[in-house]
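The values are calculated or read from the model by the stated rules, or taken from the named source; none is laboratory data. Not measured: the values here are computed from a predicted model. Cβ coordinates were reconstructed from backbone atoms using ideal geometry, including for glycine residues, and neighbour counts include every protein chain displayed.
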């Protein structure tokens, strides 16, 4: 089961989130797009999140259909496949982990469903308290945001880069920065201490295309020798 992989040539790593509008009719097209980039060393995981901007999820059957196509593509490249919100479905489909929000299932219940080896990440908004609590319970990563305006979802909070710096100084638990991240604004978050950068529209809606977006992220995030 892949972990959130790291390598030494990057300061931070991309935590890709799917576009919200993948359906059976455009699934083959998206699968081809994903195959073009998923083998890039900078990509750590893919989270499947099929929701509208208001947070309403599609049916489990649609998620099953999409996941059954995308999961083998992702896992065959040693990239982790993470399910948003739904540990029962994640366990059923053989996902590597699940990401849960503060209003979803509890961490303890998610762990009991997913097992000890699964990746479980927790949304912590802009809260030090929530992050410390999640890490003490055993979360594999915490997610902070939103750092920038985003079209993918309606964020409940905004976060400042100082939060990443604080977190990196007190713990080894990885943190994911999320919210409106693109190649133009990612560098400051990396320098502030983000281990992973959650990106959706910054890749899929890039004006020059997804491949160019990944290339631009690579150039920004490569370690300076």
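Among the residues making up the stretch 56-93, none is over 21 Å from residue 141 (Cβ atoms) and in contact (Cβ under 8 Å) with a residue 60 or more places away in the chain. Out of 151, 103, one residue alone is more than 22 Å from residue 194 (Cβ to Cβ) and at pLDDT below 95. It is 103. Here the condition is being closer than 22 Å to residue 122 by Cβ, at pLDDT 95 or above and within 15 Å of the chain's Cα centre (by Cα); of 63, 17, it holds for 17 alone. Of the residues in the stretch 142-156, not one is farther than 19 Å from residue 49 by Cα, touching a helix residue (DSSP H, G or I) at 6+ places or on another chain (Cβ under 7 Å) and surrounded by fewer than 18 Cβ atoms within 10 Å (Cβ to Cβ).
Based on what the data block shows, is residue 115 in contact (Cβ under 8 Å) with a residue 12 or more places away in the chain and under 30 Å from residue 26 (Cβ atoms)? The answer is no for residue 115.
Taking the condition crowded, with 21+ Cβ neighbours inside 10 Å and either in a loop (DSSP other than H, G, I, E, B) or at pLDDT 95 or above (or both), does residue 194 pass? So residue 194 fits the description; yes. Restricting attention to the stretch 50-64, the residues that are in a helix (DSSP H, G or I) and more than 13 Å from residue 85 (Cα to Cα) total 3.
A quick yes/no check of all residues on (1) exposed (fewer than 15 other Cβ atoms within 10 Å of the Cβ); (2) within 21 Å of residue 56 (Cα to Cα); (3) under 16 Å from the mean Cα position of the chain (by Cα):
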| site | (1), (2), (3) |
| --- | --- |
| 77 | no, no, no |
| 80 | no, no, yes |
| 85 | no, yes, yes |
| 90 | no, yes, yes |
| 96 | no, no, yes |
| 103 | yes, yes, no |
| 108 | yes, no, no |
| 113 | no, no, no |
| 121 | no, yes, yes |
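Look through 36, 11, 25 and report the one residue that is surrounded by fewer than 20 Cβ atoms within 10 Å (Cβ to Cβ) and under 25 Å from residue 191 (Cβ atoms). Within the list 36, 11, 25, the selection yields 11.
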